Amino acid sequence: MNQVRPTTIFLLSLSLLLAAAVSATAAEPAPILVHQVSLRLDTAANQVAVHDMIRVPPGLTELRLGTGFTIERAVSMDNALLDLGTVLAQEEDEDGPYQKLILARMGLGQGGMLDLTYGGTFLESVKDVVFSRENVGNEITATISDEGIYLSSSAQWLAWAPGTMGTFELAIDTPLGFETVTQGERTFHQVNGDVLHTRWIADHPSDGLNLIANRYFVHEEPVREGVISMTFFLEDDARLRATYMERTKAYIAMYEEMIGPYPYAKFATVENWFPTGYGMPSYTLLGGQVLRLPFIPYTSFGHEIAHNWWGNSVFVDISEGNWCEGLTVYCADYHYKELESEEAARDYRRNNLKDYAAYVKDPDHDFPLSEFRSRHSGATRAVGYGKSMFVFHMIDQMIGRDNFLNSLRTVAVDHQYTEAAWSDFMATFAAAGDRDLAGFAEQWLTRTGAPTLSLGEVRFRDDKVELEIRQTEPAYALEIPVVVETTAGSEQHIVSLARAAEKFTIKGRGITKVTVDPDYHLFRQLHPQEIEATVSQVLAEAAPSFTMGETAAALRAAGQAFAASFAEDDAVTVAADGLIVPGGHANVIINPPADLLKRLAPAELKLAGAMIFLGGKRYERKKFDVVFAAPDPDDPSLTHLVVLCDSPQRLEGLANRVSHYGKYSWLLLPVGSGRPDRGNWTAGASPLTAVKNAKM
C-alpha cells in the first residue's frame, strides 16, 4: 500500500454504513487536484526547488504543504501576486504541523489555477530506520543527499487537501547519474551536460505521490501490449534482474485473470538504500537486503504487485479502517498456499491464528479492524493483516468462490482510481451471495478479540453424534465447520452458533470421531494445546531477557551484538550465567549449560555428541547453528529461545536470519550459504476433538 500522508480517522457504525450501502448509489468521486510540477534536486545542498501549477477544483477551502518548505511566490488565476502573510497560516492537528493555504483569500474559493514556487532542505538520517516483519519504526519522510533522494507523500511536498486525489505531471532535473522513479509512465529521459532531465506522467488519480532517485541501473522489458516491467537496481545484477522481470510478468498475468486488467502502464521494482517494503502505484520500493533474499521474488514480491489493485488503484477510505492489507494477503500470500496444496493453505490459516495468540496475548495490544491504519508492530500485523485476511476468507466460505471473486472484480472496476471502504466490499459480497452481512461486519470489524470455542457433552450413537459447542461471551454469530469420521469416510457439516452454547445432532453411520473446525476456517482463539512452541512467541515479547553460558570474550561480544539486533535495542544486557532469568517472560538463551540444555530440549530433538537428530533426519553438529523454541520446564505457558552457535562471526548475524522464520519451532542454519532446515514440534491433542470410547 502507498505510504500515505497522515489521515484523521472518523469511526462510524459499520452496521449503519452497510445498511445504507445496500441501497445507496455510488459515492461522489473525490475532488482531483491537477499538478504540473517542475523539480530541481540538488544533492550537494540537500535541497529541492519546486514550481507547481495546480488546477484547484471547486469546493475546497484550503491546501496543505509541509512545514519543511519555504514558499517563495504564490500567483492566483488572474496572475495576481498573493500576499503570503494574508493567505498562509501555520496550523497543527493530531498528525503534526502543516502550512495552510487559505483558498478564499486567494480568490480560489470556486476553484481555478494556482502557481506556487517553493523549496526546502532535507537531510534525514536513515541509519535507524527499522523495517522488519516484527517492527516498523523510525521511518523518514524526506532526505536529499549524495547517498540518495527520497520524498514521501507524508512530507507533504506537493500541496494537497484532505479528501482529495491528485494527478501529476513532473519535469525533474537531477545531477547526472541520478535516475528518478515515481508512479505513472516515464515519457522523457535526456542528458544535458551534467543534468538529467526526466518527465513522468501519472494521469490516473491517486492519494499521494512519492519520488525516489539514486544511481540506478535501469532496464525495461515488455509484459504485454501496453504494460512494461522496469528494474531500478543499485548494482547491474543480470541474474537478479531476470528473476524479477520473470516474476513480474507471471504475477501480472495471474492477477489479471483473478481480478482484472493491470491498472498501470508499468510495474517497476526499485531498490532502496535503506530498509523499506513499500508498494506504491505502479512500483515497489524494497530495501537492498530484502530484495536479494532468495525467497522474496516468490513470496512477498507478489504481495506488492497485488497492491496495484488493492490499495494503489482501489484506494482505502480510511474512515472505516484499512482493508487493503488483509485483502492483499488473501490474494497473494494466502492464495499462493492455496495453489500449493490444501495442507499448505491449512497451515497458513493456523499460523495466522498462532500469530494472533502470540502477538495479541495482551488485550491492550488488540484493536478493532475499523481502527487499523498501518503496520508498525507484530500486534498490528496480526490484526491488520492476519485477522483481516480471515474476514475475507470467511466471506469466501460463506458465499462461495465464484461469487467472492466476481465481487472483487466488481469492486475493482467500480472503485478504480478512487476510494473504497469496508462497507463497499460488504455490500458487494452481500448482493453476490444473497446474504445479509450487516451482523457479520459488525462483529468482525468493530469488536476486538475472537471467540474461543469448546466442546461440551458429546454422545455417540449408532447413526448420529450429539454434541454441545460452547463459545465465550459476548457471543458471535458463527458458521462452524464440524468434521465427523464415519464408516464411509470424513464428512464436513456446517452448524450455526449464535449463543453461548447450543446442542447439535449430526447424522452418519458409525461415527467414531468428531472435530470442531479442524482445518482452521474460523478466526478464533486457539487453545494452548493447539499451539506448539514457536520462534514468534519469543519475537512477540516486548522485552525478552538474554542470557549466555560461559564462553570466550569474542563469542560473548558477538552474543551482545546478537541480543541488540534481536531486541532492536543497543542498550539490552546479556546475563553471564546462561541460566533462565526469572520474571515470567521469555528468555533467549545462548549456548546454555549442558544440564539446562537437556531440560529445555523437546523429546523430538536429540543432541548426541557431534550429531543432531531432528525431524526424522540426522545432521552433523559442526555444519549447522541450531535455534529452537522450547516451553519453560516449570511454566509451559512461557516459551524460551535456545541458540547454539560457537562462531562469533555467525552469531552476530543470526538474529536477522531468525526473524524471517517466526512460525517455526526449530531452525538448523547451515554454517555456509543455503536456506535453513526448519520445522515444528508436534502440537498437543485438540480439546475440540472427541473420539468414541476414548479413555478420559
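The values are calculated or read from the model by the stated rules, or taken from the named source; none is laboratory data. In this text, all values refer to a predicted model and were calculated from it rather than measured experimentally. Positions of Cβ are generated from backbone atoms using ideal geometry, with glycine treated the same way; all protein chains shown enter the neighbour counts. For the accessible areas, the whole protein counts, side chains as well, though only heavy atoms, and no ligand, DNA or RNA atoms are used. Shrake-Rupley method; radii C 1.70, N 1.55, O 1.52, S 1.80 Å.
Structure data summary
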item	result
Cubic angstrom per residue, convex hull over Cα atoms of the stretch 275-356	116 Å³
Scattering curve values for the stretch 326-368, log₁₀ I(q)/I(0), Debye with Cα scatterers, q = 0.27 Å⁻¹	-0.90
Per residue accessible area of the chain, 1.4 Å probe, in Å²	42 Å²
Among the listed pairs Lys606/Lys663; Lys249/Lys361; Lys623/Lys663; Lys354/Lys513, those beyond 32 Å (Cα-Cα)	Lys249/Lys361
Accessible surface of the chain, 1.4 Å probe, proportion on carbon and sulfur as whole %	50 percent
Space enclosed by the convex hull of the alpha-carbon atoms of the chain, per residue, Å³	180 Å³
Convex hull per residue volume in Å³, alpha carbons only, for the stretch 176-244	108 Å³
Radius of gyration and Dmax over the Cα atoms of the stretch 643-685, both given in Å	11.8, 41
Debye intensity ratio in log₁₀ form over the Cα atoms of the stretch 120-201, taken at each q of 0.13, 0.15, 0.17 Å⁻¹	-0.55, -0.72, -0.89
Computed log₁₀ I(q)/I(0) - Debye formula, equal Cα scatterers, no solvent, the stretch 423-487, q 0.12, 0.26, 0.28 Å⁻¹	-0.49, -1.13, -1.23
Under 5 Å, built H, 5+ apart or other chain: amide partners of Gly59	Gly111
By average C-beta atoms within 10 angstrom, highest first, the peptides 524-533, 78-87	524-533, 78-87
Rounded Å value of the spacing that divides the Cα centres of the stretch 143-184 and the stretch 585-647	49 Å
Positive-end residue of Val642, Gly653, Gly615, charge dipole of the stretch 611-654 with Cβ unit charges	Gly615
Length added when fully stretched, Gln110-Gln649, from 0.36 nm per residue minus Cα-Cα	187.5 nm
Arg239/Asp146 FRET efficiency (R0 35 Å; Cβ-Cβ; nearest 0.05)	0.80
Built amide H within the under 5 Å cut-off of Met280, gap 5+	Leu285
The stretch 344-393: radius of gyration over Cα atoms, expressed as a fraction of 2.2 N^0.38 Å	1.07
Karplus (6.51, -1.76, 1.60) ³J(HN,Hα), θ = phi - 60°, over the stretch 215-226, in Hz, Gly and Pro reported as x	7, 8, 8, 10, 9, 9, 9, x, 8, 7, 4, x
Semi-axis lengths (Å, descending) of the ellipsoid that matches the C-alpha gyration tensor of the stretch 384-441	17, 14, 11
Karplus (6.51, -1.76, 1.60) ³J(HN,Hα), θ = phi - 60°, over the stretch 158-163, in Hz, Gly and Pro reported as x	10, 4, 8, 9, x, x
Value at 222 nm in deg cm²/dmol, rounded to 500, when DSSP H runs of n ≥ 4 in the chain each add -39,500 (n - 2.57)	-7000 deg cm²/dmol
Isotropic mean projected area of the C-alpha convex hull, the stretch 538-626 (nm²)	6.7 nm²
Förster-model FRET efficiency, 45 Å R0, Ile494 and Glu246, C-beta, rounded to 0.05	0.65
Val223 long-range amide H proximity, modeled H, under 5 Å	Ile228, Ser229
Table column - 3J(HN,Hα) (Hz), the stretch 191-196, Karplus curve with 6.51, -1.76, 1.60, x for Gly and Pro	8, 9, x, 9, 10, 9
